[in-house]
């Protein structure tokens, strides 16, 4: 499955970077200005992969069907836009992994559901992404993950057949999208899985518990 890989594509939040501190701060700022007590990061972190929906759910206990959700969402996105590179960092092992991919002659890129309004400035603002050959956001194609369109667009940008690409993500929709695109799929179990998620049930070709575990998969070319 992994012996013919020429490029590795990654989800962004929860796979390459830990953006939970900035996402949580953007939501918590909304609580503080309303006179509510601040919540610890540990409350926000499990829902970081759900974006505004997850953060507002933690901060205010509301869902998208709440009449105030859209206005709160816009406020949250404005806060996040102003702070999104202040506390965000690459997971341990990710910079080393990216360096090793380059040494092996493998291209790499990002496919995320985060809108390019945020993905563009964030990836331009972090040196980690200087060598990324493709960056595809949630609004770069007509459909976001779990639809395969964003992954197929990344393969097009890399001028590679989807079957020559591997996709790594920390959410079930990443695996669904990767499989639909005809790519090898790897579930990252160190990301924002949430308390009820079991990555072993997603149907990925392999699973990793540390970013550097990916190198062993690429070297062995077998399932893990």
Where in segment 1-75 are there helices (runs of 4 or more DSSP H), lying fully within it, with 2 or more residues that are buried (at least 18 other Cβ atoms within 10 Å of the Cβ)? 20-33, 51-60
For segment 85-116, which residues satisfy the criterion of being free of Cβ contacts under 8 Å to residues at least 40 places away in the same chain and over 23 Å from residue 164 (Cα atoms)? 115, 116
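Right, residue 131: closer than 19 Å to residue 48 by Cα and at pLDDT 95 or above or not? Give the steps one after another, and end with the answer.
Numbers: closer than 19 Å to residue 48 by Cα: no; at pLDDT 95 or above: yes.
Criteria not met by residue 131.
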Residue in segment 144-153 that is at pLDDT below 95 and under 29 Å from residue 81 (Cβ atoms) present: no
Among (1) more than 16 Å from residue 17 (Cβ to Cβ); (2) in contact with a strand residue (DSSP E or B) (Cβ under 9 Å, 6 or more places away or on another chain); (3) part of a helix (DSSP H, G or I) - the single one residue 117 does not satisfy: (2)
Answer yes or no: is there a residue in segment 86-104 that is over 15 Å from the mean Cα position of the chain (by Cα), surrounded by 15 or more Cβ atoms within 10 Å (Cβ to Cβ) and closer than 20 Å to residue 47 by Cα. yes
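Quick check on segment 105-120. Is at least one of its residues more than 17 Å from the chain's Cα centre (by Cα) and crowded, with 20+ Cβ neighbours inside 10 Å? Outline the logic, then answer.
Within segment 105-120, the first condition is being more than 17 Å from the chain's Cα centre (by Cα), and the residues that meet it are 105-107.
Imposing the further condition that a residue be crowded, with 20+ Cβ neighbours inside 10 Å reduces the set to 107.
Checked segment 105-120: at least one residue is more than 17 Å from the chain's Cα centre (by Cα) and crowded, with 20+ Cβ neighbours inside 10 Å.
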Within segment 130-148, is there a residue that is crowded, with 20+ Cβ neighbours inside 10 Å, assigned to a helix (DSSP H, G or I), touching a helix residue (DSSP H, G or I) at 6+ places or on another chain (Cβ under 9 Å) and not assigned by TED's automatic domain parsing to the domain that holds residue 48? no
Considering only residues that are surrounded by 19 or more Cβ atoms within 10 Å (Cβ to Cβ), in contact with a helix residue (DSSP H, G or I) (Cβ under 6 Å, 6 or more places away or on another chain) and part of a loop (DSSP other than H, G, I, E, B), which ones fall in segment 152-188? 171, 183
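The values are calculated or read from the model by the stated rules, or taken from the named source; none is laboratory data. All of these numbers come straight from a predicted model, not from anything done at the bench. In this analysis, Cβ positions are derived from the backbone assuming ideal geometry, glycine residues included, and neighbour counts consider all displayed protein chains.
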